[in-house]
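In what follows, a single structure is set out as structure tokens and then discussed.
The values are calculated or read from the model by the stated rules, or taken from the named source; none is laboratory data. From a predicted model like this one, the values you see are computed outputs, not experimental measurements. So basically every Cβ, Gly included, is an ideal-geometry build from the backbone, and we count neighbours across all protein chains shown.
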Amino acid sequence: MHLAQVIGRVVATRKHEALEGVKLLLIQPVDHEGSPKSEPIVAVDPLQAGEGDTVAYITGREAALALDETFTPVDAGIVGIVDSVNHEEG
Amino acid sequence: MHLAQVIGRVVATRKHEALEGVKLLLIQPVDHEGSPKSEPIVAVDPLQAGEGDTVAYITGREAALALDETFTPVDAGIVGIVDSVNHEEG
Amino acid sequence: MHLAQVIGRVVATRKHEALEGVKLLLIQPVDHEGSPKSEPIVAVDPLQAGEGDTVAYITGREAALALDETFTPVDAGIVGIVDSVNHEEG
Amino acid sequence: MHLAQVIGRVVATRKHEALEGVKLLLIQPVDHEGSPKSEPIVAVDPLQAGEGDTVAYITGREAALALDETFTPVDAGIVGIVDSVNHEEG
Amino acid sequence: MHLAQVIGRVVATRKHEALEGVKLLLIQPVDHEGSPKSEPIVAVDPLQAGEGDTVAYITGREAALALDETFTPVDAGIVGIVDSVNHEEG
């Protein structure tokens, strides 16, 4: 799992039928201290995350498991809204 | 999911039988502002996207879910034609 | 499989129901000599690893196999607590 | 899918039983203009591609779908022999 | 598939039960000419490879297919011991 911040939405009228009604968010991957890293990606959101929320997301075939319909063609999904990251220096 | 722009087609006469009749597009990955990033890849297209369209695509085993025959050997597939990306600065 | 050191925890109250009761650790990938490499990630932990432990972890869809409920939407999981790495120079 | 050129073969007498009789090729990934990029990899070839051919290949679990026995442990497979890549500048 | 050289072993007493009795090797990825590339990783070995052997390995969910128990949580497995790589310059 990786951490990211919600920064926008993606609108696609013409899409795969299994994606009808599925919310697509633009998320900015961040490190455990909240600093941006790598490029924003598009993820499905079954948790109703809001703009600015820090989320935990997963990638790959398993991302569809975040949805009710697990054969939906997606590869990135939000699975948790993060309250805090407790990091002790090793 | 990632964003890309359709930039061409790939023609392969001799191919895996499950790929017969499947359209193969050359797509250029772009960021959320439409700027090119990384190398073009080849993706299956069940949505009849046209040259210049911005699309959302997925990668990996799950890409086959974009097709009717889900055991087709593909690893990148177009799942939406993007109307707009709404990005508010965090 | 890759090696990592446990460096913290991630707390998420609102999350996918299959993740209820699943422990989420922040782990720092390390090389075979224990030096940090790449960014910390979030992994599920079914083995009760402690802060500072060196662990072997896996990524991708198969990470869910580390849990009792194999359809849980996760993509990184701890599968072993490492006692030693025996490395002879080739 | 990605493009590559066939540049050699890999011989392995002692191997997983499901790989008996499966041809292993060394392929050099190329971009859409035929220029080499990244490192050569080893892929299974069910299409009898020859030295110098340009091929389309897939990676990951889905690569096994290119073979008759879909539970073969492989992660890269050739699925098409490319005749041409039509690329119009966007 | 990728090529690697066996350079050591990983010992983990406390681990996922499906990994009991499974041999874990430290392998150094190499290119087709035998030169090291990228970081060593940990792979399961069902073929009894020895120190210094060149092996072909796979990554991802499909790595478990290299073992008798295909639901074992692993993501890298050795599938062949390489005799030779025949590389003709294209």
Notebook entry, point to check: Does the range C:9-24 hold any residues that are buried (at least 20 other Cβ atoms within 10 Å of the Cβ) and within 25 Å of E:Thr13 (Cβ to Cβ), and which are they?
Noted result: C:Leu24
Item checked: Residue list for the range B:35-52, restricted to those being facing chain D (nearest Cβ under 10 Å) and either small (Gly, Ala, Ser) or assigned to a loop (DSSP other than H, G, I, E, B) (or both) -> B:Glu39, B:Pro40, B:Ala43, B:Glu51, B:Gly52
Notebook entry, point to check: Is it true that E:Glu88 is surrounded by fewer than 20 Cβ atoms within 10 Å (Cβ to Cβ), at the interface with chain D (Cβ under 7 Å from one of its Cβ atoms) and modelled with pLDDT under 90?
Noted result: yes
Note to self: Pairs needed: first member in the range B:29-43, of a type in the set (Val, Ile, Thr); second member anywhere, part of a loop (DSSP other than H, G, I, E, B); C-beta distance under 7 Å; at least 6 residues apart or different chains.
What the structure shows: B:Val30/B:Lys37; B:Ile41/D:Met1; B:Val42/D:Met1
Next item on the list: Please find, among B:Val85, B:Val79, the residue that is under 29 Å from D:Val74 (Cβ atoms) and either in a strand (DSSP E or B) or among the aliphatic types (A, V, I, L, M) (or both).
Entry: B:Val79
Notebook entry, point to check: D:Ile81 passes all but one of (1) at pLDDT 90 or above; (2) out of contact with any strand residue (DSSP E or B) (no Cβ under 8 Å at 6 or more places or on another chain); (3) among the hydrophobic types (A, V, I, L, M, F, W, C); which number fails?
Noted result: (2)
Note to self: The conditions are (1) more than 13 Å from C:His32 (Cβ to Cβ); (2) modelled with pLDDT of 90 or more, and E:Arg9 fails exactly one of them. Which is it?
What the structure shows: (1)
Checklist line | Within the range A:30-60, tally of residues that are under 20 Å from C:Thr13 (Cβ atoms) and surrounded by 15 or more Cβ atoms within 10 Å (Cβ to Cβ) | finding: 13
Notebook entry, point to check: For the range B:28-83, which residues satisfy the criterion of being more than 27 Å from D:Gly34 (Cα to Cα), of a type in the set (Gly, Ala, Ser) and out of contact with any Ser or Thr (no Cβ under 9 Å at 6 or more places or on another chain)?
Noted result: B:Ala66
Notebook entry, point to check: Which number in (1) free of Cβ contacts under 8 Å to residues at least 40 places away in the same chain; (2) under 12 Å from the mean Cα position of the chain (by Cα) marks the one condition that E:Gly50 misses?
Noted result: (1)
Notebook entry, point to check: Of these, A:Leu67, A:Leu24, which one is within 13 Å of chain B (Cβ to nearest Cβ) and free of Cβ contacts under 8 Å to residues at least 24 places away in the same chain?
Noted result: A:Leu24
Notebook entry, point to check: Restricting to the range B:35-47, what's the tally of residues that are at pLDDT 90 or above and farther than 24 Å from A:Gly77 by Cβ?
Noted result: 4
Next item on the list: Identify the single condition in (1) assigned to a strand (DSSP E or B); (2) surrounded by fewer than 20 Cβ atoms within 10 Å (Cβ to Cβ) that C:Ile27 does not satisfy, given that it satisfies every other one.
Entry: (2)
Next item on the list: Mind telling me which of the residues C:Arg61, C:Arg14 ends up being modelled with pLDDT of 85 or more, over 11 Å from the mean Cα position of the chain (by Cα) and facing another protein chain (nearest Cβ under 7 Å)?
Entry: C:Arg14
